Each structure stands twice: as C-alpha cells, then as structure tokens.
Amino acid sequence: MSLSKKQRIFTLMVADLISWAYSKGYELTFGEAYRTREQQEIYVKSGRSKTMRSKHLKRLAVDFNLFIDGRYVRDPERYRPLGEEWERLGGRWGGRFGLKPEEYDKKVGWDANHFEYGG
C-alpha cells in the first residue's frame, strides 16, 4: 500500500477517534503530527524521542493533548480509554510502548498521548 493511501486511512482514523472522544465528554487539541527529519534529530539528541523511525516523519502519527471537564490532563492513565479505542480502530497506541503485553492492564507506557498508524 502506498504511503499516500496509508496517510488517508490514518486521517480518517484520527477523525473517528476525535468524534468518539467528544461523544464521551473528552476534548482534544493537537500536539505534533508532522515532524521534519531535522526536528526528529533534535528530539533524539535531547532524549525527547528514542528513534529516527518515528511515524511522525511520514505523517502517520499524532500526539493529542487531553482535556477533561475543561482541564488539561497529564496523567497517562487517563489516556487509556482513548488508547484502547484507537487500538479498536486498528491503530497503535504509545501507551503500550515499553511494556510487555501482560502489563497492559496494569500500566501505561511512556508515550500515552501518541497515536500512530498500525497497519
């Protein structure tokens, strides 16, 4: 499948997640979506990212800021319903990063606000 087709599928998935989130009383703002190679290099050098293969480089990832009752939420665990819905839609959730599958119900990984194409 072409990158362009993946990007179009991903965009529709993001729209579905946003719609679902608002129907459940959550509010979202965008963090990063697209990232240049130069910006990714800065993030890797500074420790903000662990890889030069980020899906942000291909417009296949987005970071969301979560708001509940009008307040910005920093607790990664609060992203779990969004992450699980994202996975149901076929995406890969950053809240699983750094965890073993048997830990999924007990912990949230290091990048809970990250949602990427999972195909």
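The values are calculated or read from the model by the stated rules, or taken from the named source; none is laboratory data. Everything quoted here is computed from the prediction, not taken from an experiment. So basically every Cβ, Gly included, is an ideal-geometry build from the backbone, and we count neighbours across all protein chains shown.
List every residue pair whose Cβ atoms lie under 7 Å apart, where the two residues are 6 or more positions apart in sequence or sit on different chains, the first residue falls within the range 86-99 and is under 8 Å from ASP111 (Cβ atoms), and the second residue, located anywhere, is among the basic types (Lys, Arg) and at pLDDT 95 or above.
GLY95/ARG80
Given the options ARG96, ARG48, name the one that is at pLDDT 95 or above, of a type in the set (D, E, K, R) and either out of contact with any strand residue (DSSP E or B) (no Cβ under 9 Å at 6 or more places or on another chain) or under 24 Å from LYS6 (Cα atoms) (or both). I'd like the intermediate steps shown before the answer.
Working: ARG48 fails: at pLDDT 95 or above.
Checking each option against the conditions leaves just ARG96.
Which residue is surrounded by the most Cβ atoms within 10 Å (Cβ to Cβ), if the candidates are limited to the range 1-20 and must be of a type in the set (S, T, N, Q) and farther than 25 Å from PRO81 by Cβ?
GLN7
Tell me whether the range 28-35 contains one or more residues that are within 13 Å of the chain's Cα centre (by Cα), over 14 Å from ASP111 (Cα atoms) and β-branched (Val, Ile, Thr).
yes
Looking only at the range 99-118, which residues are of a type outside the set (Phe, Trp, Tyr) and outside any loop (DSSP other than H, G, I, E, B)? Step through it out loud before you land on a result.
Quick first cut of the range 99-118, residues of a type outside the set (Phe, Trp, Tyr) only: 99-103, 105-109, 111-114, 116, 118.
Result: PRO101, GLU102, GLU103, HIS114, GLU116.
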